[in-house]
Amino acid sequence: MAALARFWSPFRLRLPGGRAAQLLLIGGYLAFTVGLLLLFPRSIIAFLLYLANLLLVFGARAVPGAWQAAIAVVETLVVFPAVAAGNPFFMGVGTTVAIYVALALGLNIVIGYAGLLDLGYVAFYASGAYLWAIFSTGKAAEFLPFLHGPLGGEWFWPFLVLGLLFAALMGVLLGIPVLRLHGDYLAIVTLGFGEIIRILAAGLNSITNGAVGLPGVGAPAIGGRTLGAAVDFYFITLVIVGLIVWVTIRLEGSRIGRAWAAIREDETAARAMGVPLTRAKLLAFACGASFAGMMGVIFAAKQSYVDPTSFTFMESIGVVSMIVLGGMGGIPGVALGAAIVTLLNIQVLGGISDFINSVGARWGIQIPPALNPSQYHQLVFGVILVLMAIWRPEGLIPARRRHVRADEEAEPATPAAAPGGEPA
Amino acid sequence: MDILPQLFLDGLVVGFVYALIAVGYTMVYGVLELINFAHGDIFMVGAFVGTEVLVALAGWGLRATADPWLALSLALLPAMAVAAALGVAVERFAYRPLRRSPRLIILISAIGVSFIIEDLVRLVETIHQGKFVLPVPTVFPDVYHVSVPGLPSPLTIKANSLVVVGAAVIMMVVLTLIVSRTRAGRAMRAVAEDPVTAALQGVDVDRIIALTFLIGSAMGGAAGVLFATQYTTITPYIGFLIGIKAFTAAVVGGIGNIPGSFLGGILLGVLEQVGGGFVGAKFQNVFAFCVLVAVLIFKPSGLLGQRVQEKV
């Protein structure tokens, strides 16, 4: 265990060599993974290796930041669709990963930046999803007299914004009563909030159709053309995710971002220094929630079906484990965590199940479906959470914190996470 | 409402179960200021061990209904032992290494442990029984119908309910005696008051914390068996919701305060049943969460708790 801890602690993502060498490495690896994608059109491993391109770009510190961003954009918006546009499997996986990256970034604002443990984050996702589902299926027309029938796909775009605003409003509504609570209490109350939203979604039949759910949620449309294909959702999601990443980067160093960091490190001291606690916390809840609201709208349109089982406590914890795995507070870490957990969840466990079944079939052993590894998501999340908490609480890619010293005597600022190298 | 007295009685019974679980939350919070998120799952493990014993006894030809007191004791003892061992193990491997970490990290570890226990029980039961939703053998089958003058319909009381309440009261009394009269109990109170000073007085703080987990988890395990016999079906996921409710009960009574958690449990059980009767069973769980939020906002110290000044 001690050896494991030593192996982990010096892990920093940093490529060797100068600018030219790094660019060459990036280009070579990109060509390699594109080849893999073409050779193995249903391989999740190929997709994972392709995703590692982004990590490589992030680790190329000798390359200027603007180039890094440009390469990342080209890799996700040009190369990947060019290679895999005709492959709904890769497009679907890419979209799902992107949605979870956005969710994790949103929750990261609440947990990673402001230090408020929110265990009911899925409530905001549900708000966005149900908002679009109710209006685009015509359910809204049943209780809103001025509506006649379902809204068309053109309405998807304003509803992206409405979903954002609605979820932000929910975030503030949750925030107001829980402002005075700390740590564990906050966690339990937000958990309760998430459950309340789910129970309401399952119980208010006249609005949400209850446990039956709402089928036939509309896909987006532009000028009469419906954008319902996997590729369309891929582009829509990625553009929004890009926007969210940009907003997050801008928020991090802003006045409010620094206020959040102050609250996270020491609420009492922050208050004494004049940080407006109420406003800063409510803004954290609202920002985090708004990302989830937008993603909810996209999710509803992509699935074309919404029901309460998509918004359980497990979903909230899944997003928390993404943040914990990747590294709280840092954008690359959170994105990495989201990608790993999503793929683990949707593909790798299922892949292991298929493998076990095929092995079992070969030897003539019937593996009962109840022992299927894909049924044990919770176990995987649980193991990730415990191991990361004990050995690497700062995550796979620890957040880079700017350290500012007042004078030579002052101690360097300590990261929020506890030292990770101390095994039990 | 005609059914109000009946709801009140049902609430009382479930309230005693909540109270037994809430004690575990409150004791751990008292010494560590930590919400032991896995406690609901320790309760669940107790329920499964007890049920497995009852099933095994039936397999050996001893039907629980033939000698209910013996069957219940045989189910309770191993359930309490396993739950206690599990509680101590969880503390040792998931909480103790993190005692100096930020609260967020400990809570995350606790949630992880809770998930691991749930799915491991599911795995074990799937291998052992072929299913993970278990029916529980009946122990006390009698049902009494008591006519009370002035009430339109007679009250229905299960014999099992009386046993649940009786067992819960006995355990509460024993626990109170342990905490208030014994040497270990005094050490426990000292650690809760101030762990550093307690250590300076020669109290082995680590041992006392382990003991706290042991006692709290044993009570949780016993609550699991009582719950199983009362509600007749268990799944590996019952610990989540009931754990949250028991935690709510601990908060209502004032977290860290043992008599408070008894009071809070009974109060929450009654409120939930009666309130659920008004808003509909579908929204009954919302009711418990609303109680939690309301108490935390308006009286965060709970009914019997003391207001703790935040140290700077």
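Computed from the coordinates by the stated procedures, all read-outs in this text should not be read as laboratory data. The structure presented is a predicted model; accordingly, all values stated were derived computationally and were not measured. Reconstructed Cβ throughout: ideal geometry from the backbone, glycine too, with neighbour counts over all protein chains shown.
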Relative contact order (%) - the stretch A:85-325, alpha-carbon pairs under 8 angstrom, separation at least six: 42
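Taking only C-alpha pairs under 8 Å that are 6+ residues apart, what is the relative contact order of the stretch A:29-80 in percent? Can you show the working numbers first?
Working: 22 pairs, mean separation 15.8, N = 52.
Result for the stretch A:29-80 is 30 percent.
Would you be so kind as to identify all helices of chain A, as entire DSSP H runs, whose Cα atoms reach 24 Å or more along the helix's own axis and whose mean Kyte-Doolittle hydropathy is at least -0.5? Intermediate results must be reported in sequence, preceding the final value.
On the way: long enough: A:19-39 (30 Å, 1.72); A:88-108 (29 Å, 1.54); A:156-178 (32 Å, 2.27); A:183-203 (30 Å, 1.27); A:230-253 (35 Å, 1.75); A:277-303 (38 Å, 1.07).
The answer, listed by residue number, is A:19-39, A:88-108, A:156-178, A:183-203, A:230-253, A:277-303.
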Calculated diffusion of the protein assembly as shown, Stokes-Einstein form, Kirkwood radius summed over Cα pairs, 37 °C and 0.692 mPa s, µm²/s: 119
Residue order, fewest to most surrounding Cβ atoms within 10 angstrom, among A:W391, A:W157, A:W260: A:W157, A:W391, A:W260
In order through the stretch B:252-263: 3J(HN,Hα) via Karplus (6.51 cos²θ - 1.76 cosθ + 1.60), integer Hz, x for Gly, Pro: 4, x, x, 5, x, 10, 5, x, x, 6, 4, 4
Interchain or long-range residues, amide H under 5 Å from A:Y305's placed H: A:V217
J(HN,Hα) series, the stretch B:11-21, from Karplus relation 6.51 cos²θ - 1.76 cosθ + 1.60, nearest Hz, glycine and proline x: x, 4, 5, 5, x, 5, 5, 4, 4, 4, 6
Positive-pole candidate from B:A83, B:T197, B:G166, dipole of the stretch B:58-201, charges at beta carbon: B:T197
Eligible lysines near A:K139 by straight Cα distance, threshold 19 Å, same-chain separation 8 or greater: A:K302
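How much mean residue ellipticity at 222 nm does chain B get from its helices, if each DSSP H run of length 4 or more adds -39500 (n - 2.57) and you divide by all residues, to the nearest 500 deg cm²/dmol? It would help to have the intermediate numbers written out before the result.
Numbers: 11 runs with 220 residues, N = 312.
Result for chain B, helices only: -24500 deg cm²/dmol.
What is the diffusion coefficient of the stretch B:4-298 in µm²/s, taking the Kirkwood radius over Cα pairs and the Stokes-Einstein relation at 20 °C with a viscosity of 1.002 mPa s? Write out the running numbers ahead of the final one.
On the way: Rh = 19.5 Å.
In µm²/s, the coefficient is 110.
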Longest to shortest principal axis, alpha-carbon extents of the stretch A:11-84, angstrom: 34, 25, 18
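Out of every Cα-Cα pair in the stretch A:85-325, what percent are more than 30 Å apart? The partial results should precede the final answer.
Working: 7314 of 28920 pairs.
For the stretch A:85-325, the share of Cα pairs beyond 30 Å comes to 25 percent.
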Rg and Dmax [Cα atoms of the stretch B:59-156; Å; Rg one decimal, Dmax integer]: 20.8, 60
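Using only alpha-carbon positions, what ratio does the radius of gyration of chain A give when scaled by 2.2 N^0.38 Å?
In units of the globular-protein estimate, chain A measures up at 1.02.
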B:K282, B:K245 arranged by Cβ crowding within 10 Å, fewest neighbours leading: B:K282, B:K245
Dipole of the stretch B:4-298 [Lys/Arg +1, Asp/Glu -1 at C-beta], most positive-end residue of B:L62, B:L151, B:I178: B:I178
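Output the relative contact order of chain A, whole-number percent, from Cα pairs under 8 angstrom with separation of 6+ residues. Each step should come with its number before you reach the end.
Details: 642 pairs, mean separation 98.4, N = 424.
Over chain A, the number comes to 23 percent.
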For chain A, calculated [θ]222 nm from helices alone, where every DSSP H run of n ≥ 4 adds -39500 (n - 2.57): -21000 deg cm²/dmol
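Given R₀ = 35 Å, what would the calculated FRET efficiency be for A:E142 paired with B:V279, taking r from the Cβ atoms and rounding to 0.05? The partial results should precede the final answer.
Working: r = 23 Å, r/R0 = 0.66.
It comes out at approximately 0.95.
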Rough spin-label spacing in nm, given labels placed 7 Å along Cα→Cβ, for A:A272 and A:R42: 6.3
Set of lysines near B:K245 by C-alpha distance (under 28 Å), chain-local residues within fewer than 8 positions excluded: A:K281, B:K131, B:K158, B:K282, B:K299
Rounded Å value of the spacing that divides the Cα centres of the stretch B:58-118 and the stretch B:24-40: 14
Residues B:V274, A:V110 arranged by fewest to most Cβ contacts within 10 Å: B:V274, A:V110
For chain B, size of Cβ-based charge dipole, Lys and Arg +1, Asp and Glu -1, in debye: 580
Cβ-placed point charges (K, R +1; D, E -1), dipole of the stretch A:154-255 about Cα centre in debye, nearest 20: 180
Degrees, to the nearest 10: B:103-129 long Cα axis against longest axis of chain B: 40
Local electrostatic count at B:L120 - Lys and Arg +1, Asp and Glu -1, tallied over other residues with Cβ under 15 Å: -4
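Per the Cauchy relation, a quarter of the hull surface: what is the mean projected area of the convex hull of the alpha carbons in the stretch B:98-242, in nm²? Numbers along the way, then the final one.
Values: hull surface 52.9 nm².
Orientation-averaged projected area of the Cα hull: 13.2 nm².
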